[in-house]
1. Any residue at all in the stretch 170-183 that's touching a helix residue (DSSP H, G or I) at 6+ places or on another chain (Cβ under 8 Å), free of Cβ contacts under 8 Å to residues at least 24 places away in the same chain and open to solvent by 50 Å² or more (accessible area, probe 1.4 Å)?
2. Look through the stretch 530-547, keep the residues that are within 19 Å of Gln9 (Cα to Cα) and basic (Lys, Arg), and return whichever of them is most open to solvent (accessible area, probe 1.4 Å).
3. Given the options Ala130, Ala98, Ala107, Ala92, name the one that is surrounded by fewer than 13 Cβ atoms within 10 Å (Cβ to Cβ) and under 60 Å from the mean Cα position of the chain (by Cα).
4. Keeping to the stretch 290-301, report how many residues are at pLDDT 80 or above and open to solvent by less than 30 Å² (accessible area, probe 1.4 Å).
5. Filter the stretch 582-592 down to the residues that are open to solvent by 40 Å² or more (accessible area, probe 1.4 Å), of a type outside the set (Asp, Glu) and assigned to a helix (DSSP H, G or I) and list them by number.
6. Would you confirm whether any residue within the stretch 572-584 is farther than 22 Å from His16 by Cβ and not assigned by the TED database to the domain that holds Val479?
7. In the stretch 3-25, how many residues are open to solvent by less than 30 Å² (accessible area, probe 1.4 Å) and modelled with pLDDT of 85 or more?
8. Looking at the stretch 551-567, is at least one residue touching a helix residue (DSSP H, G or I) at 6+ places or on another chain (Cβ under 7 Å), under 23 Å from Arg468 (Cα atoms) and either outside any loop (DSSP other than H, G, I, E, B) or of a type in the set (S, T, N, Q) (or both)?
Amino acid sequence: MIDRSLVIQLAKARLHVADRLDPVESADVLARLREFLADLSERNAADITETVIRRARELLADIRERTVADISSAAVQRARELLAEFGGDTTALATPDAVKRAQLLLADLSHSVPFLERSIVLEQARELLADSIEPYRWPDDQLIRFYDQGLLEVDKLRNDIAGTSDVTGDFAAALGCYVASRAVAQDNDYQQNNGALSEKLFSRFVELTMAAPFHWQSSDLEEYAGQGIAEIRKLRNDIGMEGTVTVEFTEALGYYIASRAFNLDHDQKANNGTVSDRLYARFNELVAAVPFRVTDNQLKAFAADALAEIRKLRNDIDDAVLPSEFLEAAGYYTAFLAANLTGDQVRNGGAVAERFRGRALEALALVPYHWTDDRLAAFAADALAEIRKVRADAASYGAGAEFLEPAGYYTAYLAANLTADQLKNGGAIAERFRVRFAETLQLVPFHWGDEQLSAFIQDGIAAVRPMRPDIGGAGTVTVDYADAITRYAAGRAVLVSRDLAAGQAALADKLMQQFRELVSAVPMQYPENRFEEWFDRATATLYSMRPELMLDAAGMWEPEPERIPERFSEAIADYIASLGFLFYNRVNEAAPFRELAAAGFRQL
């Protein structure tokens, strides 16, 4: 005979009806949810400002104290060393050296021979006299006497000659003619045969003497030298009226003297004006080429300006005096100001000054930036505020130790960003810190409060009801829905943290989809009295198909379900299952069981 309770259990098995009818508890789901979200730790909301400052200093490599000292004097000394790179001799100029240089220039430009050699004059005279083979017709002492007399004659003929010592090599050919003329005139025998030769040679002497290049008096050249020195003082404000005109200006002064000398000789040479201008231009070039001499007072003033400029460029200097780390930059900047003062007066002045300025900026960039604790504390506060803005959990539950690394990177970012153009690669360094802030912030697990997650769980329980007709508004949401509700609450939690990382919205959608799938997968629940009712309907149907089963042993109609043979248990369970599926309009799932039941009912 069939067992009613057993048949009902078989039907429940076909309908996947669970016996777990305990209601889902929020606390159980909360524990499961925290595990699912990897949010198992308590949030420590202690003040981490000091720790953030230390971490930022490590990142910025700014972990030492600065040595503060007055570097003004050292900057002046360093500038002098740098300016001395361009050479120079501070020995006072000697005027005679400049005059000699002018004489050489004048000789060169006039194509003249500056120094007279008596031997050459005597040799030329003997060639004119055809007296080059010893024994000589005219002895040397006689010709030397004529030579000395010739010097006096030149002095008489040329008003630019002030004494025989001014007679130069330009008069050698003329003196040769004079000596030969006197020799012929003193030799009666030679004169008889060459009567006109003496006069001819003397005429040639006069002609050559007047044609010789102009000669400048030493006294005139020395006067020009004095004027040239005054001109140099005017051109060079590093010398002024009291500074020393050094030997470095000898070449320049030589050109000035030569320029003035040629200018004096305007009437004797057609192009002397052009020559004089060219010499004067060269004088200016050479004056400008001599390294500038900066006074101590000037350098001290430049050093003060350099230190002020460094303060302007580096806002990490809070001390009254400049830290010693800036000495090299201060030295180069002082040298820049000194070289810049000279402008076009120093050889490559503009380029030299610019090079010093460039080196000052390079040296400045090499000095590690230093931030005071107060400044870093302000940056740390801004970093924690930024974290609270980005992370809703930090805003709600505090930015504690979990956020140390991102807070350190953001503090370093603010500090480096402050220096952007002042620190080598400043912009790149700051950007790198900002990127690491975002990366490390993502690594901090999001934290949700119990109240917040519990609210999501309750919302999940409420969301199950309209999806399940077997629960509705009054039915029990059982523990079978715990996984589904966990997915729902997790999706809601992820949406809260959506700004934390890209893809969170997609993850929330995925979790909600899983929630819906898991809710649908939970077997339907049925009121217990329904199974009793369906059992009776199943047996009634069986009787309609097999009325003989209602007869008792005496052949009387006595429909007692308990007397139905056990072999119909499976068919009755199939029939009950079909009614269970139809109860929720699941026609397609009910049909196979209805067919199985019919086949079972027809069995012998």
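The values are calculated or read from the model by the stated rules, or taken from the named source; none is laboratory data. Please read all numbers here as calculations on a predicted model, not as lab measurements. Don't worry about glycine lacking a Cβ; one is built from the backbone with ideal geometry, like all the others, and counts go over all protein chains shown. Ligands, DNA and RNA are stripped out before the accessible areas are found, and what is left, the full protein with its side chains, is counted by its heavy atoms. Shrake-Rupley method; radii C 1.70, N 1.55, O 1.52, S 1.80 Å.
1. No, that holds for no residue.
2. Looking at the filtered set, the residue picked out is Arg537.
3. Exactly one residue qualifies, and that residue is Ala92.
4. 2
5. Across the stretch 582-592, the qualifying residues are Leu582, Phe583, Val587, Asn588, Ala591, Pro592.
6. No - not one qualifying residue is present in the stretch 572-584.
7. Looking only at the stretch 3-25, we keep the residues that are open to solvent by less than 30 Å² (accessible area, probe 1.4 Å), and these are 7-8, 11-12, 15, 17-18, 24.
Add one more test, that the residue is modelled with pLDDT of 85 or more, and what stays is 7-8, 11-12, 15, 24.
Residues in the stretch 3-25 being open to solvent by less than 30 Å² (accessible area, probe 1.4 Å) and modelled with pLDDT of 85 or more: 6 in total.
8. No: zero hits.
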